[in-house]
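Chemist: Before I ask anything, here is the structure I am working with.
Please treat every number below as a calculation from the coordinates, not as lab data. Nothing here was measured: the structure is a model prediction, and the numbers come from that model. Positions of Cβ are generated from backbone atoms using ideal geometry, with glycine treated the same way; all protein chains shown enter the neighbour counts.
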Amino acid sequence: MELGTPDALRDELNSLVLAGKKTTTTGLLSEYVEESEGLEFVGERLALLDRESRRVGVIEITGVEVAAFADVTWEHAAAEGEGDASLDDWRAGHRGFWERAGTPVDDGTPVVCLAFRLLPPGA
């Protein structure tokens, strides 16, 4: 699992996961299609990678949902642990992130909402 972009953002997001503050993430369904990658599944274990592709932890997927961007819940958004004060803040931040990456998002854009838990070392 590679969160965000391979720079200070990934460092920050990984730190949130390792501190137990981040237990969800959201990705664009179109990225799965472009990379011919299947969706994660409940029970799947993934290495959490840093910006240099080194494993910093292991997560286990506890939930997978495909939804329209506008249908992402506050429960999911808040569990991303990034300090958003409201669902509107979360949406604005994610729209901006994807727009800067070259993929504008509208309310109907399909996204993949993942929930996970950090496994203890050695699990």
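Chemist: Within a Cβ distance under 11 Å of A123, other residues only, what is the Lys/Arg minus Asp/Glu net charge?
Modeler: +1
Chemist: Any idea what % of Cα-Cα pairs in the chain are farther than 23 Å?
Modeler: 26 percent
Chemist: Follow-up. Work through the residues other than G108 whose Cβ is under 15 Å from its Cβ and net out their charges, Lys, Arg +1 and Asp, Glu -1.
Modeler: So the surrounding residues net to -1.
Chemist: Let me ask something else. Using only Cα atoms and rounding to the nearest 10 degrees, what angle (0 to 90) does helix 87-100 make with the longest principal axis of the chain?
Modeler: So the helix axis and the longest Cα principal axis differ by about 90 degrees.
Chemist: Amide H neighbours of K22 under 5 Å, at least 5 residues apart or on other chains, H built in the peptide plane: list them.
Modeler: V17
Chemist: Which order do L48, L9 fall in if you start with the one that has the fewest other Cβ atoms within 10 Å?
Modeler: Lowest count first: L9, L48.
Chemist: Can you tell me how much longer the chain between E99 and D7 gets when fully stretched, taken as 0.36 nm per residue apart minus their C-alpha distance, in nm with one decimal?
Modeler: Roughly 31.4 nm would be gained on extension.
Chemist: With no solvent and one equal point scatterer placed on each C-alpha of the stretch 38-89, evaluate the Debye formula and give log10 I(q)/I(0) for q = 0.29 Å⁻¹, two decimals.
Modeler: The Cα Debye sum returns log10 ratios of -1.06.
Chemist: Could you give the dipole magnitude of the stretch 8-123 about its Cα centre, charging the beta-carbon of Lys and Arg +1 and that of Asp and Glu -1, in debye to the nearest 20?
Modeler: Details: 11 positive and 22 negative charges, 105 e Å.
That gives the stretch 8-123 a dipole magnitude of about 500 debye.
Chemist: Still on this structure: Taking the 0 to 90 degree range and rounding to the nearest ten, how far is the long axis of helix 8-18 tilted relative to the main principal axis of the chain, both from C-alpha atoms?
Modeler: Taking Cα atoms only, the helix is inclined about 60 degrees.
Chemist: Just from its helices, what would the mean residue ellipticity at 222 nm be for the chain, if runs of 4 or more DSSP H residues each count -39500 (n - 2.57) and the sum is divided by every residue, rounded to the nearest 500 deg cm²/dmol?
Modeler: -8500 deg cm²/dmol
Chemist: Still on this structure, please answer the following. Can you give the extra length, in nm with one decimal, that the chain gains between V33 and V64 once fully stretched, where that is 0.36 nm per residue apart less the Cα-Cα distance?
Modeler: On the way: separation 31, 0.36 × 31 = 11.16 nm, distance 1.60 nm.
Once the chain is fully extended between V33 and V64, it gains 9.6 nm.
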